[in-house]
Every structure is written in structure tokens, then in C-alpha cells.
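Take a look at the structure below.
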Amino acid sequence: MKPRLQILVAIAVVWMVAAAAFAGEPSRTVDTVAMTVADMDRSVAFYTQVLTFARVSEIEVAGPEYEHLDGVFGLRMRIVRLRLGDEYLTLIQYLAPRGRPFPVDSRANDRWFQHVAIVVSDMESAYGRLRKHKVEYASTGPQTLPAWNRNAGGIRAFYFRDPDEHYLELIQFPPGKGNSRWQHPNGQLFMGIDHSAIVVGDTDTSLRFYRDLLGLRVAGGSENYGTEQEHLNNVFGARLRITSLRAAAGPGVELLEYLAPRDGRPIGHDVHPNDLVFWRIVMAGPLAPVAAKLNLDEVATPRHELGFNHAALIRDPDGHATELIER
């Protein structure tokens, strides 16, 4: 592999050709979910002081390998890795060049929507803590999904936003739902990250990418609608097809397809990693099989500062980013 070349794969017919051959490849893990921030000190203070994440590491990187990986010339990045429970969140600030702010008119059904769902042991206490810190609301308040919804009934959830306008979710699972470890808080109010949710245009098309190509398994699904869902997403008439995917370890990936309304806007082709709307799901596993299945013979090779030897940044059918790393 040559130590150069950004791999940015948008919608490609080759996914369909590769899917069947990829089924036997080793399982991947979700290593972290990463987001671009404008002011690292402000973001670290928010996530550690309000949401009780712990700072794990910090590094500053630059150089042609990272320029080719991200497709951003002349970049210098400050990267902070945070931990909550067993999961990791990574914050990336582009010291140069600066990207664009979060779109001020964003809605939860726009296809650039992505969030991480933070599991809490007590919704009222967690919600009270957010109110105390005057966080920005994205839902009208915590919502309890109705009992008629067999797979989601009883789950409590609330959307809010961080200092850069990124969407976040608090989620509390009733007995019998979610991972069994969420039923054992061990005195923790904020327990960990259950999943990262992304809005997609068509679930079946997205499954060909995340399930058939990357090897994630479908863990469940539901169709959610009604006043609770509308007020959670703050989208009138919201009706969603929700599909939960899991890797061998790490947070899940949740596909949100808005069956109604269908007016969510696509991710622009000009969105770059230094723009604040940019997220990436970082998955660890062998890279060569992916490059072979996509007929790509080169991946970027950063210089080990971030704990991996090779990496490739690829896009799903809607433009959401996945960074594949190999240690």
C-alpha cells in the first residue's frame, strides 16, 4: 500500500457487486464516533462537566498523510478522545483551515442529521442537569414512546444540542429493552453511548452498505409515529422506519428513514471534514478486503500518532462518513 491517497467513496454501483463476496470477512468493531468542533476547550468543558465524559487523550497532527485521508489541504487538527462507560467519543478541531458552521436551519429529518445516544439511568435527573446548565433543546421535553410500539414502547428519550449545534440524545431503557448492561447503572447517571443515529434516504440501500459491505448485523427495528415521536424529533407528522445495526463491539449504528415527511434535505456534495456538520463513525478491522471489494488498491497511511497503521475515509449512499482503520 502506498502512503498516500484519500479514499472518498460516494454512491457506487460496486457496493452491489461486492456485497455477496464480503459476507465471510471478519467482524468489525465501532471504535469511536467522531465529530468536528469549532472550539475544543469549550466542547471538552461541555462534555466533561455537563455529561461527565472523561478525557482520555489529546494530540495535534498535521502532514500530507492526514491531508490525503481527509481531503483537506494544509490541515492541522487538534484531537481529543473522551470516554463514557465503555464507549468513546472523539472531538476534532481543525486549527487550519477552518470549516463552515452548522447550518442554522437544520431539522432532524435532514439527511446530514447524526447524533450519539447517551444512556442515562434516570431521565428526570439527567434532564434536570441539562436544564441547570441551560442546554439548547431540540425536543420539547423528554418523551416516553407508547406501549403499542412493541420494540420501542417504554423507552424515554430527549434530543438536545451541544455548543456547536450538534444533535445529542438522552435515552433511558425500561426493563427488557436495550443491552442488559443498561439495567445496571452502578451509581452512574450518564452510563455510556448506545448508538449513533443517522438519517437515510432509503433503508434498503443503506443496508447494502452497512450490513452487506461493512458486515454489521441487523439487531432490531421498528416503525415509530405519533405525538411522542413528533415532539421527540420536533418534526410535525414524523413517521420513521428505524433499523438498529451492531458491530462485534462498540456503539450501534441506527438508520432513521423518514417515511413522512419526505422533505429532508440531502447532504451537500461540498461538505468537508472541517465543516461542523461533519461526523464520522470509526470502525476497526482489516482494510485490504474492503479495498479489494471496492476495486481500490491504496489507502492512506497516517504516521501512527492516532494508534492505527492504515485508514480510509468512505461515504455511505447518503454521504455520511465512515473511517475504516487498521491497527
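The values are calculated or read from the model by the stated rules, or taken from the named source; none is laboratory data. Computed from a prediction, not measured in an experiment: that's the story for all the values here. Here Cβ is always computed from backbone atoms with ideal geometry, including for glycine, and neighbour counts include all displayed protein chains.
Just a few scattered comments:
- Here S196 meets each of (1) over 28 Å from E323 (Cβ atoms); (2) surrounded by 22 or more Cβ atoms within 10 Å (Cβ to Cβ); (3) not charged (D, E, K, R) with one exception, condition (1).
- Of everything listed in (1) of a type in the set (K, R); (2) in contact with a helix residue (DSSP H, G or I) (Cβ under 9 Å, 6 or more places away or on another chain); (3) farther than 18 Å from G215 by Cα, the single unmet condition for K293 is (3).
- Matching entry among D105, D86, D110 (being out of contact with any Ser or Thr (no Cβ under 9 Å at 6 or more places or on another chain), acidic (D, E) and without any contact (Cβ under 8 Å) to a residue 40 or more places away in the chain): D105
- Residue pairs meeting the criteria (Cβ under 7 Å; at least 6 apart or on separate chains; first closer than 14 Å to P266 by Cα, in the stretch 192-210; second assigned to a helix (DSSP H, G or I)): V200/S206
- Residue count for the stretch 282-327, restricted to those that are closer than 22 Å to R78 by Cβ, crowded, with 16+ Cβ neighbours inside 10 Å and more than 21 Å from the chain's Cα centre (by Cα): 3.
- Extreme residue, surrounded by the fewest Cβ atoms within 10 Å (Cβ to Cβ), among residues of the stretch 232-246 that are in contact (Cβ under 8 Å) with a residue 60 or more places away in the chain and touching a Leu at 6+ places or on another chain (Cβ under 9 Å): I242
- Of all residues in the stretch 296-312 being in contact with a helix residue (DSSP H, G or I) (Cβ under 6 Å, 6 or more places away or on another chain) and part of a strand (DSSP E or B), the one that is modelled with the highest pLDDT: A311
- Positions within the stretch 172-201 being closer than 15 Å to V253 by Cα and of a type outside the set (G, A, S), in sequence order: N179, I193, D194, H195, I198, V199, V200
- Matching entry among V80, V30 (being modelled with pLDDT of 95 or more, aliphatic (A, V, I, L, M) and touching a helix residue (DSSP H, G or I) at 6+ places or on another chain (Cβ under 7 Å)): V80
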